[in-house]
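*Asks:* Sending over a structure as structure tokens; questions will come in a sec.
The values are calculated or read from the model by the stated rules, or taken from the named source; none is laboratory data. The structure presented is a predicted model; accordingly, all values stated were derived computationally and were not measured. No Cβ is skipped: glycine too gets one built from the backbone with ideal geometry, and neighbour counts run over all protein chains shown. For the accessible areas, the whole protein counts, side chains as well, though only heavy atoms, and no ligand, DNA or RNA atoms are used. Shrake-Rupley method; radii C 1.70, N 1.55, O 1.52, S 1.80 Å.
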Amino acid sequence: IYADPAKRLELYFRPKDPYCHPVCANRFPTSTMLLRVRRRTKKKQQLDTEEQGQPEVQFEMEILGIVTTVYKFQGMSDFQYLAMHSGPDGKQTSMYDKVLMLKPEKEEFFNRDIPLYIPPPIFSRLDTPIDYFYRPDIQHREGYNNPQVSGENLIGLSRARRPHNAIFVNLDGEEIPTKPLDAAVQEWKKVCTNPVDKKVEEELRKLFEVRPVWSRNAVKANISVHPDKLKLLLPYLAYYMLTGPWRSLWVRFGYDPRKHPEAKIYQVLDFRIRCGMKYGYAATDMPVKAKRSTYNYSLPITVKKQGSHTVSVHDLKQGLGTAGTSGAKKSPSSRYKLKESIYIFREGALPPYRQMFYQLCDLNVESLQKIIHRNDGTESECTERDGWCLAKTSDDLRDSMSLMIKQIIRSTRPALFSNTTSSEDGKEQLAYESGEDEDDEEEEEEDFKPSDGSENEMETEILDYV
């Protein structure tokens, strides 16, 4: 626990009870001393049998060292749940000998008739009281309309929709927008008040002229713009595709990829690194770490938790993140730029995350491009699954990319494949690994660090604007 500053120290009142709910202590820095105090008592000799002498007490103190870290138990102890059963007469009966398997048991142990016992998996995520601050009337932002309330839904939405003014288009939509919403224009004009912002706007316009379809990460890798400003700039120049082969991508206003077969190179490929013991390496052996794992779960820390900084319109007008900050390590021209590996796949290099969303034109491998262009000039129909490509093109690309990644892992960690047979060929099929959902707010870092938290998730794109 001490090795990881983010973890909490757990105290179990009944360590041998697996159903004991612990109390947690938070970590705090301190500058105190550890003392050893000794109390010595020396009795005085009695001069008279009737007179009792007072004992002499002496204290000796010694400084053993300096304490720099302390753990304080400041939360509530929460509930304690015992494996007990209440009989009809109100008598409590222990069930530990019935539900705990301390040694290998025979079949009779599992076929016994015992009372139903379902312990709660968790009591509460927080162990400190919270003030909810109930208000009679919630003040929503301007333009918010209350949802239609029916007999089946009396609760309604929990919060107002975030007004980012983006236009969302489905693959089966009839019309393609040719201009942004008036609100999107007003929001961008409101914050575009310095030359740096106008330069970024022109750079993004040129990107959409060269290539009509972009992912947000690809934009971040080509221009340096604060993420809060990018949320306002993208709806000003493009619309967002929700479904189909161009899902989670931004498309230039007036451009309809469904009508242009050459737009197949801009389609998205959902690629996830496959791993498993049958391939010779487990998930823990992967050079690319998982974004998060249920095996490393720790209770949240509620003491002195710093709140997120909310960016105001005034901050954006002052050129937040683009006009230069004192003490900044990076120049304004590259402070928010991501590395090319965030959206480009190259042979011999591992992806930064286990799940990536690549555009087909960003797969910089000749063999992969041959798979994509197999039907050049003979495209006949744009389907929701494969777009303008041949059927199962995405599957073929994933198989080829997985074999490339396996070869990289084999070369970097040959010990993992020491027990595998030599009869493997290039046509082996790898199982499909399910990706991880991300429903947290995205966080920007000055330096792009692989595996620290993926921004390349489709769910993040949608949650930012819906």
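*Asks:* Anything in the stretch 69-94 that is in contact with a Ser or Thr (Cβ under 8 Å, 6 or more places away or on another chain), in contact (Cβ under 8 Å) with a residue 40 or more places away in the chain and surrounded by fewer than 12 Cβ atoms within 10 Å (Cβ to Cβ)? List them, or say none.
*Replies:* 69
*Asks:* Can you tell me which residues in the stretch 95-113 are open to solvent by less than 70 Å² (accessible area, probe 1.4 Å) and hydrophobic (A, V, I, L, M, F, W, C)?
*Replies:* Of everything in the stretch 95-113, those that are open to solvent by less than 70 Å² (accessible area, probe 1.4 Å) and hydrophobic (A, V, I, L, M, F, W, C) turn out to be 95, 99, 100, 109.
*Asks:* Conditions: (1) open to solvent by 10 Å² or more (accessible area, probe 1.4 Å); (2) at pLDDT 90 or above. Residue 264 meets all but one. Number of the miss?
*Replies:* So the condition that residue 264 fails would be (1).
*Asks:* Restricting attention to the stretch 366-414, and to residues there that are among the charged types (D, E, K, R) and open to solvent by less than 70 Å² (accessible area, probe 1.4 Å), which single residue is nearest to residue 173 (Cα to Cα)?
*Replies:* We begin by selecting, within the stretch 366-414, every residue among the charged types (D, E, K, R); these are 366, 370, 374, 376, 379, 381, 384-386, 392, 395-396, 398-399, 406, 410, 413.
Next cut, open to solvent by less than 70 Å² (accessible area, probe 1.4 Å) only: 379, 386, 395-396, 398-399, 406.
Details: 379: 21, 386: 17, 395: 26, 396: 29, 398: 29, 399: 32, 406: 40 Å.
Across the stretch 366-414, the extreme among qualifying residues is 386.
*Asks:* If you scan the stretch 6-43, which residues turn out to be open to solvent by 90 Å² or more (accessible area, probe 1.4 Å) and more than 28 Å from residue 62 (Cα to Cα)?
*Replies:* Matches in the stretch 6-43: 12, 13, 15, 16.
*Asks:* From (1) more than 22 Å from residue 9 (Cα to Cα); (2) over 40 Å from the mean Cα position of the chain (by Cα); (3) surrounded by fewer than 11 Cβ atoms within 10 Å (Cβ to Cβ), pick out the condition that doesn't hold for residue 133.
*Replies:* (2)
*Asks:* Go through (1) modelled with pLDDT of 90 or more; (2) over 30 Å from residue 1 (Cα atoms) and name the single condition residue 49 misses.
*Replies:* Status for residue 49: all satisfied but (1).
*Asks:* Of all the residues that make up the stretch 95-130, how many are polar (S, T, N, Q) and in contact (Cβ under 8 Å) with a residue 12 or more places away in the chain? It would help to see each step written out before you state the result.
*Replies:* Going residue by residue through the stretch 95-130, those that are polar (S, T, N, Q) are 111, 124, 128.
The next check asks that each one be in contact (Cβ under 8 Å) with a residue 12 or more places away in the chain; those that pass are 124, 128.
Adding up the residues that qualify gives 2.
*Asks:* Would you pick out the residues in the stretch 384-416 that are of a type in the set (Ser, Thr, Tyr) and touching a residue at least 40 places away in the same chain (Cβ under 8 Å)? First the steps, then the outcome.
*Replies:* Keep residues of the stretch 384-416 that are of a type in the set (Ser, Thr, Tyr), which gives 393-394, 400, 402, 411-412.
Answer for the stretch 384-416, where residues must be of a type in the set (Ser, Thr, Tyr) and touching a residue at least 40 places away in the same chain (Cβ under 8 Å): 394, 402, 412.
*Asks:* Pick from the stretch 352-391 the residues that are aliphatic (A, V, I, L, M) and assigned to a helix (DSSP H, G or I): which of them is nearest to the chain's Cα centre (by Cα)? Working first, answer last.
*Replies:* From the stretch 352-391, those aliphatic (A, V, I, L, M) are 356, 360, 363, 365, 368, 371-372, 390-391; that's our starting set.
If we keep only those that are assigned to a helix (DSSP H, G or I) as well, we get 360, 368, 371-372.
Details: 360: 25, 368: 30, 371: 33, 372: 31 Å.
Taking the candidates together, the pick is 360.
*Asks:* Return the residue satisfying two criteria in turn: it lies in the stretch 242-278 and is assigned to a loop (DSSP other than H, G, I, E, B) and aromatic (Phe, Trp, Tyr), and of such residues it is nearest to residue 384 (Cα to Cα).
*Replies:* 246
*Asks:* Restricting to the stretch 341-351, name every residue that is open to solvent by 20 Å² or more (accessible area, probe 1.4 Å) and not in a loop (DSSP other than H, G, I, E, B).
*Replies:* Within the stretch 341-351, 341, 346 qualify.
*Asks:* Still on this structure, I have one more. Could you say whether any residue in the stretch 219-226 is of a type in the set (Lys, Arg), open to solvent by 20 Å² or more (accessible area, probe 1.4 Å), out of contact with any Gly (no Cβ under 7 Å at 6 or more places or on another chain) and more than 21 Å from residue 260 (Cα to Cα)? Break it down into steps so the answer makes sense when it comes.
*Replies:* Within the stretch 219-226, the first condition is being of a type in the set (Lys, Arg), and the residues that meet it are 220.
When the remaining residues are screened for being open to solvent by 20 Å² or more (accessible area, probe 1.4 Å), the result is none.
Scanning the stretch 219-226, I find no residue that is of a type in the set (Lys, Arg), open to solvent by 20 Å² or more (accessible area, probe 1.4 Å), out of contact with any Gly (no Cβ under 7 Å at 6 or more places or on another chain) and more than 21 Å from residue 260 (Cα to Cα), so the answer is no.
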